[in-house]
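The values are calculated or read from the model by the stated rules, or taken from the named source; none is laboratory data. Since the model is a prediction, treat every value here as computed from it, not as a measurement. So basically every Cβ, Gly included, is an ideal-geometry build from the backbone, and we count neighbours across all protein chains shown. Ligands, DNA and RNA are stripped out before the accessible areas are found, and what is left, the full protein with its side chains, is counted by its heavy atoms. Shrake-Rupley method; radii C 1.70, N 1.55, O 1.52, S 1.80 Å.
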Amino acid sequence: MKTLRAEFTDLPAPIFAQYAAMVVLAVIALPLLWQLSTVVTAMFVLLWCVRLAMVKFGIAPLKTVALLVLLLLCGAVVLTQLKSLWGRDGGVAFLLMMALLKSFESRRIRDWQVLLLSALFLTVGSLLFSQGIVNAAWAVFCLFAVLFCLNLLDGGHWRGAWRQAARGMAFSLLPAMVLFIAVPRLPEPLIRLLPTPSEQAKSGLSDTMQASTFSEMVLSDELAFNAVFADGFVPQNNQLYWRTLIMPDFDGHTWRQQSPIQRVSPDDHPLRQHAKVRYELILKDWKGHIPALDYPIETDRHAWLFSTRTVMAKRSYAQLRRVEITSALSDRLPDRLYAHERRRYLALPPQRNPRTVMLAQNLRRQSANDEAFARRSLAYFAEQGFSYTLNPPRMADETHEVDTFMFDAQQGFCGHYASAYVVMMRAAGLPARVVTGYQGGEYNADAQFWQVRSKDAHAWAEVWLEERQSWLRIDPTAVISARSESGIEAALPAGESLGGSRIPLWAKRFAAESQFYWQKWVVDFDAGRQNALFKKLGLGKVSVSSVLTILVLGGALALLPMFAWWRVHLRRQSHPLSDGFMLLKRRLISDEEMLTALGPQDLLAHLRLSGSLNPALQSLIEEYIALRYRTDDPPKHAVWAWYRRAKKYRPTGGEQ
C-alpha cells in the first residue's frame, strides 16, 4: 500500500513549479554553456525552449521511443563536438543534456524532484572549469535555487519556499566548513586527474614574439598570478623581473622560445651568495611554464628548475596551483656557455638589418670590453631620443624590421627594444637572448601580496659576458621609460592608456583581496595548509585522532544553531496550557473515556467527590482556568511557568 508521501509525489506537478524548475536548470547551465562548444550550446537552448513551450501549452511528456531518439542525437552531438562522453568537458556536457532530457519525460512531482537533484551535480560541474570566487558564488546561488524549487514542488508557497531554502542554506554553512577543514586532503586534488582539453591560462604571453605585435599582449587586465613573499619582504618594483620564456631563435621577424632541456637541483651555485627571498605563487600555469623571479635557485616538489633558470611544472593542468620558489635577487647569472650554445646565441639571419649591424660593430670598436659595449649600446637609446608607446608606427620594410625601428621609427614597445638590443649584441659578437615574462605588479599593502596581470607582460635581454662567465640582465626599455620603476601605465606617453573599467578603487581592492584569500584558503587548501592549520589549533599533524576531534567538537558547535532553532520552533508549535492540562488529567484519571470529556471545572468537582483534591492541585487547576479563560492573551512567561509546574506535579497514591 502506498504511503501518503508516495501518493503526493505521484500527483502532477503544478505548472508554476514546472516553470520554476526549467528556469533553475537554465540558471545552472549558464556558466557551463559559456565553456562548451557553440553547437552544444545551441542544441541545449533549442531543446530548452521546446520543453518550455510544452509546459505552456500543456503538451504531454514524450514517450520512450522519442526520448531514445533525442538521447542518441544529444550523445552524437556531444561526441562529435567534444570528442568524448566522459572527462571534464564531455562528461559535463552529456550530464547537462541528460538533465534537460529528463524534463521531457517529467510529469509527476517525483520526476521534477529527480531532475532538480541531478541539477545539483551540474552546479559542481561548473567548478571543474574554474574555482574562482565568482563561480563559487554562482554555485551557491544555484544550490539555493534548487532548494527553493524543491520546496515549491513540496507544496510550498513562494514566500515559504524562499524562507525554507534560506534556512537550509544557513544551517548547512557551519557543518560544511567543519567538513572542509577536517576531511584529510589528498596529495593532489582529484579534479586535476580529470582529462581536460589542452586549454591554458590567459597570460599575456606567447611562445613566439614579434616586436610589432607584442604590445597587443598587454591590453588584457586578466590576472596572471598572485605572489606572497616570506618574512615580510617587500621588493622594489625594479626587482620584479618574472622570467618565463627564453627566446634565442630569430628569423628576422619572429623570436621563438627555447625548450628547457637540462634540469638542475639545489647546489652550491654562485647565485646562493646573493640575497635570497622565498615566495609562493598562486597561478594557473601557462603550458607548464611558471614565472620565477630573477634568478630562481630552488623550487618545491611541484616544479622543475632548468639550467636556463626557467621553471616548469612537473605536470601541467588548467587549475590553480601553489608553487613555492626561492630566488637570488641579482641581475647576473653565473653560468657556463658551451660551443653549440654560443653559436645559437650569436645566430642572425643573413643579409638582414645591415645598418643595425654596422652601428653595433662601430660601438663595439669604441668600447674597452664587452660589458662597456653592452652599457654603451644601452645608452644609445637614450641619446637618440627613442620613445615608449603602445602604438608604434607600422614597419613598412619587414625584411629589415630592426633597421626601420632603429633609424626611422624610433618608437616602440618593450618587444622592439629587446629585439633590437639582442640583434646589436649578436652583430658585435656577444651571445645574447630575449627573455619574456612579467615586470612589476601591483602591491596590496593590507593583505601583503603582489598581483601580476597580463598587462605586466614584458620582454628584456640577457647578454653573455665572457670575462665574468655570466649572463647580464639588461632591460633596454628602462632607459627610455619609467616602466621598471613605476609600472606600465606610468610609462605610457600622454594620450595613451591601457584603458580600463570605471570600477572605484575601493571596489577593485576589495575584489583583489577577496580573490586572493579565496585562492589561498579555499581553492589551494591542500595537505600542507591543512597540517599548518591543525598545528595552529594545537592538534598536531593530520591524523585519525585530530580529524575526529575536529569532527566531534566542530560538529557540536556547528549543530548548535540548528538545535536552537529546533527549540524555538518546537515552542512555537506547542500549546503549553492545553498540553499541561492534558498531562495533569492523564496523571489524575485512569479512565480513558473521561479524559476528553472532563473540563477544568468538571475535573475539580470529580477530585472533590473522590477526596483527592489537595490545596496545591486545586491552586494549579484554578491558575489554569484563570490563564485559559482570561479575555486577553496571557503573558508567555506565566503560561510557561504554569506548564513547568504542571509537568513537575506528581500525584500521591490517594489521588489516583
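Residues in region 611-651 that are more than 13 Å from Leu584 (Cα to Cα), touching a residue at least 24 places away in the same chain (Cβ under 8 Å) and either open to solvent by 50 Å² or more (accessible area, probe 1.4 Å) or of a type in the set (Phe, Trp, Tyr) (or both): Gly611, Arg628, Trp640. Here Gln273 meets each of (1) open to solvent by 30 Å² or more (accessible area, probe 1.4 Å); (2) closer than 27 Å to Ala224 by Cα with one exception, condition (2).
What about Val522, is it touching a helix residue (DSSP H, G or I) at 6+ places or on another chain (Cβ under 8 Å) and either free of Cβ contacts under 8 Å to residues at least 24 places away in the same chain or assigned to a helix (DSSP H, G or I) (or both)? Before you say what the answer is, go through the steps one by one.
Working: touching a helix residue (DSSP H, G or I) at 6+ places or on another chain (Cβ under 8 Å): yes; either free of Cβ contacts under 8 Å to residues at least 24 places away in the same chain or assigned to a helix (DSSP H, G or I) (or both): yes.
It is true that Val522 is touching a helix residue (DSSP H, G or I) at 6+ places or on another chain (Cβ under 8 Å) and either free of Cβ contacts under 8 Å to residues at least 24 places away in the same chain or assigned to a helix (DSSP H, G or I) (or both).
I need the full set of residues from region 393-426 which are among the charged types (D, E, K, R) and within 44 Å of the chain's Cα centre (by Cα), in order please. Break it down stepwise before answering.
So the first thing to find is which residues in region 393-426 are among the charged types (D, E, K, R), and the list is 394, 397-398, 401, 403, 408, 426.
Residues satisfying the conditions are Arg394, Glu398, Glu401.
If you check Trp286, Trp304 for being among the hydrophobic types (A, V, I, L, M, F, W, C) and open to solvent by 40 Å² or more (accessible area, probe 1.4 Å), only one passes: Trp304. Taking (1) farther than 24 Å from Ala17 by Cβ; (2) open to solvent by less than 10 Å² (accessible area, probe 1.4 Å); (3) in contact with a helix residue (DSSP H, G or I) (Cβ under 6 Å, 6 or more places away or on another chain) in turn, Arg88 satisfies each apart from (3).
Taken together, the criteria place Leu539 among residues that are out of contact with any Phe, Trp or Tyr (no Cβ under 9 Å at 6 or more places or on another chain), hydrophobic (A, V, I, L, M, F, W, C) and part of a loop (DSSP other than H, G, I, E, B). Between Ala60, Ala53, the distinction of being open to solvent by 20 Å² or more (accessible area, probe 1.4 Å), free of Cβ contacts under 8 Å to residues at least 24 places away in the same chain, farther than 18 Å from Ser126 by Cα and aliphatic (A, V, I, L, M) belongs to Ala53 only. May I ask you to verify whether Val178 is in contact (Cβ under 8 Å) with a residue 60 or more places away in the chain, within 26 Å of Val542 (Cα to Cα) and either assigned to a helix (DSSP H, G or I) or open to solvent by 40 Å² or more (accessible area, probe 1.4 Å) (or both)? Spelling it out, Val178 is indeed in contact (Cβ under 8 Å) with a residue 60 or more places away in the chain, within 26 Å of Val542 (Cα to Cα) and either assigned to a helix (DSSP H, G or I) or open to solvent by 40 Å² or more (accessible area, probe 1.4 Å) (or both). All of Leu348, Leu359, Leu390, Leu378 fail the test of being open to solvent by less than 70 Å² (accessible area, probe 1.4 Å), more than 46 Å from the chain's Cα centre (by Cα) and either within 30 Å of Lys455 (Cβ to Cβ) or modelled with pLDDT of 90 or more (or both), apart from Leu359.
Contact annotation: residue pairs with Cβ atoms under 7 Å, 6 or more positions apart or on different chains, pairing a residue in region 27-38 that is over 15 Å from Lys83 (Cβ atoms) with a partner that is open to solvent by 80 Å² or more (accessible area, probe 1.4 Å), are Pro31/Trp138.
Taking the criterion of being modelled with pLDDT of 85 or more and either more than 21 Å from His575 (Cβ to Cβ) or open to solvent by 70 Å² or more (accessible area, probe 1.4 Å) (or both), the residues of region 587-603 that qualify are Gln601, Asp602.
Pick from Leu47, Leu67, Leu32, Leu79: which is within 34 Å of the chain's Cα centre (by Cα), open to solvent by less than 50 Å² (accessible area, probe 1.4 Å) and modelled with pLDDT under 95? Reasoning before the result, please.
Values: Leu47 fails: modelled with pLDDT under 95; Leu67 fails: within 34 Å of the chain's Cα centre (by Cα); Leu79 fails: open to solvent by less than 50 Å² (accessible area, probe 1.4 Å).
Only one candidate passes the filter, namely Leu32.
Only one entry in Ser501, Ser514 is under 21 Å from Asp456 (Cβ atoms), at pLDDT below 75 and among the polar types (S, T, N, Q), namely Ser501.
Within region 365-378, residues that are basic (Lys, Arg) have Cβ atoms under 7 Å from residues that are open to solvent by 100 Å² or more (accessible area, probe 1.4 Å) in these pairs: Arg376/Gln366, counting only partners at least 6 apart in sequence or on another chain. Looking only at residues of region 228-266 that are more than 32 Å from the chain's Cα centre (by Cα) and among the acidic types (Asp, Glu), we find that the one that is surrounded by the most Cβ atoms within 10 Å (Cβ to Cβ) is Asp249.
Checked against (1) assigned to a helix (DSSP H, G or I); (2) among the aromatic types (Phe, Trp, Tyr); (3) open to solvent by less than 10 Å² (accessible area, probe 1.4 Å), Phe407 passes all but condition (3). Would region 239-250 turn up any residue that is over 30 Å from Val402 (Cα atoms), of a type in the set (A, V, I, L, M) and touching a residue at least 24 places away in the same chain (Cβ under 8 Å)? No, the conditions are met nowhere in region 239-250. If you go through region 379-399 and keep only what is in contact (Cβ under 8 Å) with a residue 60 or more places away in the chain and in a loop (DSSP other than H, G, I, E, B), you end up with Phe386, Thr389, Leu390, Asn391, Pro392, Arg394, Met395, Glu398, Thr399. Residues in region 283-308 that are at pLDDT 90 or above, among the hydrophobic types (A, V, I, L, M, F, W, C) and out of contact with any Leu (no Cβ under 6 Å at 6 or more places or on another chain): Ile290, Ala292, Leu293, Ala303, Trp304, Leu305, Phe306. Close Cβ contacts (under 7 Å, 6 or more residues apart or on different chains) running from residues in region 426-444 that are touching a residue at least 24 places away in the same chain (Cβ under 8 Å) and more than 30 Å from Met358 (Cβ to Cβ) to residues that are surrounded by 22 or more Cβ atoms within 10 Å (Cβ to Cβ) and of a type in the set (Lys, Arg) comprise Gly437/Arg243; Gln439/Arg483.
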